[in-house]
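First comes the structure, then the notes that go with it.
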Amino acid sequence: MLRNSYIHMTGIGKTVEKNIWNAGINSWDEAIENMAALPISAAKKTAVEKGIEESKAHLNEGDYGYFSKTLPSAEHWRAYPEFCDEAAFVDIETTGLAPGSDTITVVGIYNRKEARTYVRGIDLDEIAGELAKYKMLITFNGARFDLPFIKYEFPEIEFNQLHIDLMYPLKRIGYGGGLKNIEREMGIVRDDNVKDVDGWEAVRLWRRYRRGDEAALDTLLEYNRADIVNLETIIEKVYPDLVTNCKCKE
(Lines give C-alpha, C1' and ligand atoms only; values in the text may rest on other atoms or scores of the structure.)
Protein backbone atom coordinates (compact mmCIF):
# COMPACT_ATOMS: atom_id res chain seq x y z
CA MET A 1 0.00 0.00 0.00
CA LEU A 2 2.84 2.40 0.75
CA ARG A 3 4.14 1.99 -2.80
CA ASN A 4 0.83 3.30 -4.10
CA SER A 5 0.38 6.11 -1.57
CA TYR A 6 0.58 9.80 -2.44
CA ILE A 7 -0.90 11.74 0.48
CA HIS A 8 2.52 12.05 2.11
CA MET A 9 3.83 13.97 -0.89
CA THR A 10 4.01 17.77 -0.84
CA GLY A 11 0.86 19.30 -2.30
CA ILE A 12 -0.99 16.01 -2.70
CA GLY A 13 -4.22 15.33 -0.83
CA LYS A 14 -6.78 12.56 -0.62
CA THR A 15 -8.69 13.67 -3.70
CA VAL A 16 -5.67 13.48 -5.99
CA GLU A 17 -4.66 10.16 -4.47
CA LYS A 18 -8.14 8.79 -5.04
CA ASN A 19 -8.13 10.00 -8.65
CA ILE A 20 -4.86 8.15 -9.26
CA TRP A 21 -6.27 4.95 -7.79
CA ASN A 22 -9.48 5.28 -9.79
CA ALA A 23 -7.35 5.40 -12.93
CA GLY A 24 -6.32 1.81 -12.20
CA ILE A 25 -2.85 2.65 -10.92
CA ASN A 26 -1.41 0.09 -8.49
CA SER A 27 2.12 1.35 -7.81
CA TRP A 28 4.46 4.30 -8.07
CA ASP A 29 6.05 2.70 -11.13
CA GLU A 30 2.68 2.44 -12.86
CA ALA A 31 1.97 6.07 -12.01
CA ILE A 32 5.22 7.15 -13.68
CA GLU A 33 4.52 5.01 -16.74
CA ASN A 34 1.01 6.45 -17.11
CA MET A 35 1.64 9.98 -15.89
CA ALA A 36 0.37 11.68 -19.05
CA ALA A 37 -2.99 9.94 -18.78
CA LEU A 38 -3.61 10.53 -15.08
CA PRO A 39 -6.78 12.57 -14.40
CA ILE A 40 -4.96 15.25 -12.38
CA SER A 41 -3.65 18.71 -13.21
CA ALA A 42 -0.23 19.33 -14.72
CA ALA A 43 0.94 20.90 -11.47
CA LYS A 44 -0.16 17.84 -9.51
CA LYS A 45 1.59 15.56 -12.00
CA THR A 46 4.83 17.45 -11.38
CA ALA A 47 4.33 17.13 -7.61
CA VAL A 48 3.59 13.41 -7.89
CA GLU A 49 6.63 12.76 -10.07
CA LYS A 50 8.87 14.55 -7.58
CA GLY A 51 7.18 12.83 -4.65
CA ILE A 52 7.64 9.38 -6.16
CA GLU A 53 11.32 10.03 -6.80
CA GLU A 54 11.84 11.16 -3.21
CA SER A 55 9.74 8.35 -1.74
CA LYS A 56 11.55 5.62 -3.66
CA ALA A 57 14.93 7.01 -2.61
CA HIS A 58 13.94 7.11 1.07
CA LEU A 59 12.36 3.67 0.94
CA ASN A 60 15.43 2.17 -0.72
CA GLU A 61 17.49 3.60 2.15
CA GLY A 62 15.10 2.16 4.74
CA ASP A 63 14.43 5.69 5.95
CA TYR A 64 11.47 5.11 8.23
CA GLY A 65 11.80 8.61 9.66
CA TYR A 66 10.82 10.19 6.34
CA PHE A 67 7.57 8.24 6.20
CA SER A 68 6.92 8.66 9.91
CA LYS A 69 7.01 12.43 9.44
CA THR A 70 5.23 12.71 6.10
CA LEU A 71 2.50 10.08 6.30
CA PRO A 72 -0.52 11.15 8.37
CA SER A 73 -0.33 9.21 11.64
CA ALA A 74 -3.64 7.51 10.89
CA GLU A 75 -2.09 6.09 7.72
CA HIS A 76 1.13 4.64 9.13
CA TRP A 77 -0.44 1.20 8.74
CA ARG A 78 0.17 1.51 4.99
CA ALA A 79 3.91 1.04 5.59
CA TYR A 80 3.53 -2.28 7.41
CA PRO A 81 4.70 -4.62 4.60
CA GLU A 82 7.80 -2.51 3.94
CA PHE A 83 8.89 -2.25 7.58
CA CYS A 84 7.35 -5.28 9.31
CA ASP A 85 10.66 -7.11 9.50
CA GLU A 86 11.98 -4.25 11.62
CA ALA A 87 8.85 -3.76 13.69
CA ALA A 88 8.07 -4.35 17.35
CA PHE A 89 4.68 -5.14 18.82
CA VAL A 90 4.47 -3.39 22.18
CA ASP A 91 2.16 -3.62 25.18
CA ILE A 92 2.49 -2.47 28.78
CA GLU A 93 0.99 -3.41 32.12
CA THR A 94 0.63 -0.78 34.83
CA THR A 95 -0.63 -0.28 38.37
CA GLY A 96 -3.38 2.01 37.05
CA LEU A 97 -4.33 4.46 34.34
CA ALA A 98 -2.52 7.68 35.31
CA PRO A 99 1.17 8.30 34.51
CA GLY A 100 2.76 9.94 37.51
CA SER A 101 0.32 8.44 40.00
CA ASP A 102 0.68 4.93 38.62
CA THR A 103 3.70 3.06 37.28
CA ILE A 104 4.62 0.61 34.56
CA THR A 105 5.03 -2.93 35.84
CA VAL A 106 5.74 -4.85 32.61
CA VAL A 107 6.63 -3.95 29.03
CA GLY A 108 6.30 -6.62 26.36
CA ILE A 109 8.16 -6.31 23.07
CA TYR A 110 7.70 -8.85 20.25
CA ASN A 111 9.79 -8.61 17.09
CA ARG A 112 8.00 -11.40 15.17
CA LYS A 113 10.70 -13.84 16.27
CA GLU A 114 11.00 -13.44 20.01
CA ALA A 115 8.66 -12.09 22.69
CA ARG A 116 10.46 -10.48 25.62
CA THR A 117 8.92 -9.12 28.78
CA TYR A 118 10.68 -6.48 30.89
CA VAL A 119 9.74 -6.26 34.56
CA ARG A 120 9.96 -3.39 37.01
CA GLY A 121 12.67 -4.06 39.55
CA ILE A 122 14.41 -6.56 37.27
CA ASP A 123 15.22 -5.27 33.80
CA LEU A 124 12.63 -2.59 32.90
CA ASP A 125 15.36 0.00 32.24
CA GLU A 126 16.51 -2.03 29.23
CA ILE A 127 13.46 -1.06 27.17
CA ALA A 128 14.97 2.25 26.06
CA GLY A 129 17.79 0.51 24.22
CA GLU A 130 15.52 -2.24 22.93
CA LEU A 131 12.84 0.05 21.49
CA ALA A 132 15.50 2.11 19.70
CA LYS A 133 16.29 -0.91 17.52
CA TYR A 134 13.00 -0.77 15.63
CA LYS A 135 11.70 1.28 12.72
CA MET A 136 8.03 0.61 13.42
CA LEU A 137 6.01 0.12 16.60
CA ILE A 138 2.61 -1.60 16.65
CA THR A 139 0.24 -1.26 19.59
CA PHE A 140 -3.43 -1.34 20.52
CA ASN A 141 -4.52 1.96 22.08
CA GLY A 142 -0.85 2.80 22.30
CA ALA A 143 -1.21 6.37 21.06
CA ARG A 144 -3.30 7.30 24.09
CA PHE A 145 -1.94 4.89 26.68
CA ASP A 146 1.16 2.76 26.17
CA LEU A 147 3.52 5.19 24.47
CA PRO A 148 2.65 8.26 26.61
CA PHE A 149 3.04 6.10 29.73
CA ILE A 150 6.45 4.89 28.59
CA LYS A 151 7.49 8.41 27.61
CA TYR A 152 6.56 9.70 31.06
CA GLU A 153 8.79 7.16 32.79
CA PHE A 154 11.52 7.14 30.14
CA PRO A 155 11.63 10.69 28.69
CA GLU A 156 14.87 9.91 26.86
CA ILE A 157 12.98 7.64 24.42
CA GLU A 158 12.38 9.53 21.17
CA PHE A 159 9.52 7.54 19.60
CA ASN A 160 10.37 8.76 16.10
CA GLN A 161 9.33 5.48 14.52
CA LEU A 162 6.33 4.73 12.39
CA HIS A 163 3.54 3.82 14.80
CA ILE A 164 0.48 1.75 14.01
CA ASP A 165 -2.13 1.99 16.75
CA LEU A 166 -4.29 -0.87 15.55
CA MET A 167 -7.35 0.28 17.45
CA TYR A 168 -8.11 2.96 14.85
CA PRO A 169 -7.68 1.10 11.54
CA LEU A 170 -9.62 -1.81 13.04
CA LYS A 171 -12.54 0.53 13.74
CA ARG A 172 -12.56 1.50 10.07
CA ILE A 173 -13.34 -2.07 9.07
CA GLY A 174 -15.92 -2.75 11.75
CA TYR A 175 -13.99 -4.08 14.75
CA GLY A 176 -14.82 -2.26 17.98
CA GLY A 177 -14.32 -2.74 21.68
CA GLY A 178 -11.20 -3.89 23.44
CA LEU A 179 -8.47 -6.17 22.16
CA LYS A 180 -9.93 -9.29 23.81
CA ASN A 181 -13.31 -8.69 22.19
CA ILE A 182 -11.70 -8.27 18.78
CA GLU A 183 -9.72 -11.47 19.27
CA ARG A 184 -12.94 -13.35 20.02
CA GLU A 185 -14.57 -11.94 16.89
CA MET A 186 -11.61 -13.18 14.86
CA GLY A 187 -11.58 -16.60 16.50
CA ILE A 188 -8.26 -16.06 18.25
CA VAL A 189 -8.19 -18.21 21.39
CA ARG A 190 -5.87 -17.63 24.33
CA ASP A 191 -4.52 -20.38 26.56
CA ASP A 192 -6.80 -21.33 29.45
CA ASN A 193 -4.35 -19.89 31.96
CA VAL A 194 -4.85 -16.33 30.69
CA LYS A 195 -8.07 -16.35 28.68
CA ASP A 196 -9.99 -14.61 31.47
CA VAL A 197 -7.27 -12.17 32.51
CA ASP A 198 -7.93 -8.50 31.75
CA GLY A 199 -6.23 -5.23 32.61
CA TRP A 200 -7.58 -5.02 36.12
CA GLU A 201 -6.70 -8.63 36.86
CA ALA A 202 -3.19 -7.76 35.62
CA VAL A 203 -3.01 -5.12 38.38
CA ARG A 204 -4.05 -7.70 40.97
CA LEU A 205 -1.52 -10.20 39.66
CA TRP A 206 1.23 -7.60 40.08
CA ARG A 207 0.15 -6.92 43.66
CA ARG A 208 0.22 -10.63 44.41
CA TYR A 209 3.70 -10.89 42.94
CA ARG A 210 4.89 -7.98 45.09
CA ARG A 211 3.65 -9.91 48.11
CA GLY A 212 5.84 -12.86 47.11
CA ASP A 213 3.70 -14.88 44.69
CA GLU A 214 6.08 -15.75 41.84
CA ALA A 215 3.37 -17.74 40.04
CA ALA A 216 1.33 -14.53 39.75
CA LEU A 217 4.19 -12.91 37.85
CA ASP A 218 4.39 -15.90 35.52
CA THR A 219 0.69 -15.51 34.71
CA LEU A 220 1.07 -11.75 34.20
CA LEU A 221 3.94 -12.25 31.77
CA GLU A 222 2.05 -14.94 29.88
CA TYR A 223 -0.90 -12.56 29.57
CA ASN A 224 1.32 -9.78 28.26
CA ARG A 225 3.00 -12.09 25.75
CA ALA A 226 -0.41 -13.12 24.42
CA ASP A 227 -1.24 -9.44 23.86
CA ILE A 228 1.82 -8.70 21.77
CA VAL A 229 1.90 -11.94 19.81
CA ASN A 230 -1.80 -11.68 18.97
CA LEU A 231 -1.29 -8.17 17.59
CA GLU A 232 0.79 -9.69 14.81
CA THR A 233 -1.91 -12.28 14.09
CA ILE A 234 -4.51 -9.52 13.86
CA ILE A 235 -2.64 -7.18 11.53
CA GLU A 236 -1.63 -10.01 9.24
CA LYS A 237 -5.27 -11.12 9.09
CA VAL A 238 -6.84 -7.71 8.43
CA TYR A 239 -4.23 -5.93 6.31
CA PRO A 240 -5.87 -6.84 2.98
CA ASP A 241 -9.21 -5.57 4.33
CA LEU A 242 -7.59 -2.30 5.38
CA VAL A 243 -6.24 -1.82 1.86
CA THR A 244 -9.62 -2.58 0.27
CA ASN A 245 -11.44 -0.26 2.67
CA CYS A 246 -8.95 2.53 2.08
CA LYS A 247 -9.32 2.37 -1.69
CA CYS A 248 -13.09 2.00 -1.67
CA LYS A 249 -14.15 4.63 0.84
CA GLU A 250 -15.17 8.04 -0.38
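Some points to look at:
- Normalising the average separation of contacting C-alpha pairs (under 8 angstrom, six or more residues apart) by the number of residues puts the relative contact order of the stretch 92-192 at 19 percent.
- Ratio of the Cα radius of gyration of the stretch 44-117 to 2.2 N^0.38 Å, where N counts its residues: 1.55
- For the stretch 173-190, backbone phi angles converted through the Karplus equation (6.51, -1.76, 1.60; θ = phi - 60°) give residue-by-residue couplings of 10, x, 9, x, x, x, 4, 5, 5, 5, 4, 4, 4, 8, x, 8, 10, 8 Hz, Gly and Pro being listed as x.
- Applied to the stretch 29-36, the Karplus parametrisation 6.51 cos²θ - 1.76 cosθ + 1.60 on θ = phi - 60° returns per-residue 3J(HN,Hα) values of 4, 5, 5, 5, 5, 10, 4, 4 Hz, with x for Gly and Pro.
- From most to least packed by mean Cβ count within 10 Å, the peptides 33-41, 157-165, 115-123 give 157-165, 115-123, 33-41.
- Set against the labelled values (1) 1.04; (2) 1.14; (3) 1.25, Cα Rg over 2.2 N^0.38 Å computed from this structure falls on (2).
- Other-chain or far-sequence residues with amide H under 5 Å of Thr105's (modelled H): Glu93, Thr94, Thr95
- The chain: relative contact order as a whole-number percent, Cα under 8 Å and 6+ apart: 19
- Share of carbon and sulfur in the accessible heavy-atom surface of the stretch 1-100 [1.4 Å probe, %]: 49
- Relative contact order of the stretch 122-250, defined on C-alpha pairs under 8 angstrom at six or more residues apart (%): 24
- Net charge of Cβ neighbours under 13 Å - reference Ala43; Lys, Arg +1; Asp, Glu -1: +2
- Gap separating the Cα centres of the stretch 1-30 and the stretch 163-216, nearest whole Å: 36
- Packing-based ranking, highest mean first, of 139-149, 21-31 given that Cβ atoms within 10 Å are counted: 139-149, 21-31
- From the Kirkwood radius over Cα pairs of the stretch 113-250, Stokes-Einstein at 25 °C and 0.890 mPa s returns a whole-number translational diffusion coefficient of 148 µm²/s.
The values are calculated or read from the model by the stated rules, or taken from the named source; none is laboratory data. Predicted model, so just to flag it, every value in this text is computed and none were measured. With ideal geometry, Cβ positions are generated from the backbone for all residues, glycine too; neighbour counts draw on all protein chains shown. Keep in mind that these areas ignore ligands, DNA and RNA; they rest on the heavy atoms of the full protein, side chains included. Shrake-Rupley method; radii C 1.70, N 1.55, O 1.52, S 1.80 Å.
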